[in-house]
1. For ASN210 and ASP151, what is the calculated FRET efficiency with R₀ set at 25 Å and r taken between the beta-carbons, to the nearest 0.05?
2. With the crude spin-label approximation of a point 7 Å out along Cα→Cβ, what separation in nm comes out for SER78 versus ILE126?
3. Given 10 Å bins starting at zero, what is the percent of C-alpha pairs of the stretch 27-155 in each, up to the one with the largest pair distance?
4. Only helices at least 24 Å long along their own axis, judged from Cα atoms, and with Kyte-Doolittle mean hydropathy of -1.0 or greater: name those in the chain from DSSP H.
5. Subtract the Cα-Cα distance of ARG269 and GLN239 from 0.36 nm times their separation in residues, and report this length gain in nm to one decimal.
6. Need one number: % antiparallel among DSSP beta bridges in the stretch 2-305, to the nearest 5.
7. Measure out, as a whole number of angstrom, how far apart the alpha-carbon centroids of the stretch 1-71 and the stretch 273-314 sit.
8. In percent, what relative contact order does the chain have, based on Cα pairs under 8 Å that are 6 or more apart in sequence?
Amino acid sequence: MRVMAVMNYKGGVGKTTLTANLGAVAAKRGFRVLLLDLDPQTNLTFSFFSIEEWHNRLKDNCTIRKWYDAEVPGRDVSLADLIVTPERVNKTFRDSGGRLDLISSHLGLIDIDLELAARLGGTTTIDGSKRKFLDLHSCLRGALTKDDFPDYDLVLIDCAPNFGLVTKTAIVACDRILVPAKADYLSTLGLDYLVGNCANLVEQFNDYVNHKDGTTRYRPITPEFLGVVFTMVQIYSQQVTAAQQMYIQEVLANSAVPVLDNKIRNSPRHFGDSGEGGVPAMVRGNGTDEVTREFDHLADEVLGGLAMSSAGRR
Ligand SMILES: Nc1ncnc2c1ncn2[C@@H]1O[C@H](COP(=O)(O)OP(=O)(O)OP(=O)(O)O)[C@@H](O)[C@H]1O
Ligand SMILES: [Mg+2]
């Protein structure tokens, strides 16, 4: 099972749109995909469920908030019990053998995130605080790798645009990190902070694992950046505009993160409302238009980077 976190500090760069469409395309290719919405804004969830469906079926008992809301996340509820299968999107690739499941989010996750972070304090011994750090940060990793957790080919985690504790649990849980970014000054400026903060987290986690007091419960983590994918790219006459090309070159030349060859163009017609009817745009049509073909190449590149066959599962 591959686990990939989709993240960027910067808001509105296309993280959720990419997660929803990539997950749907992978499922259409026959893969078993789980989407995990870790953003209290709940946009990924609403890409597949209407607000009414979420209120009636999910809000009270079936969101990730319920899972994180415990002394140690997951103590009171099993992650597997929160999995739901959005029907409309799954109908569009019924014959592929693939499947798209989701764990939905909840606005209340904001408060839980703050409470979890506060819980890191309050332990007086050094060993105690290291153990608490490892317990909290590895909670999601532990749940996804439990023997009785359903078998998926790919888990995609849509992170909130912050580096709170919930986002950190996603980094500890993942093998790869995908970073959507707009080709503009502010979006590219934050990339090095993101890389630096992830490296610090990994270093601290592994340091604590290595200094633990004789138990073998935790293993070192090695999440890697799959790359930056530029989104909402302005294309005129088949070319990226000169201004955006400048920012892309800047990242190519100076950033520690690789840049994916494929990009997502700005297309409000396709992505302006990615959840229209509960079916992401990239699996909605017959797949012949230019934007859908471009996205398919991006999916090839990402799945290839995860060592998954771009041709699909079968
Ligand atoms: N390629 C695109 N072309 C046009 N519009 C897009 C594209 N990708 C995303 N959008 C639109 O841009 C807005 C922001 O996208 P999205 O919600 O995916 O970003 P995000 O990074 O997840 O935001 P947040 O940080 O708030 O979670 C949405 O209205 C979405 O419909
Ligand atoms: Mg989002």
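Every number in this text was worked out from the coordinates using simple rules, so none of it is lab data. Keep in mind it's a predicted model, so treat the numbers as computed, not measured. Here Cβ is always computed from backbone atoms with ideal geometry, including for glycine, and neighbour counts include all displayed protein chains.
1. On the way: r = 30 Å, r/R0 = 1.22.
Computed FRET efficiency for ASN210 and ASP151: 0.25.
2. 4.0
3. 12, 39, 31, 13, 4, 1
4. 191-210
5. Gain on stretching ARG269 to GLN239: 8.9 nm.
6. Values: 3 of 32 bridges.
Bridges in the stretch 2-305 are about 10 percent antiparallel.
7. Between the Cα centres of the stretch 1-71 and the stretch 273-314 lies a distance of 17 Å.
8. Working: 559 pairs, mean separation 86.0, N = 314.
It rounds to 27 percent for the chain.
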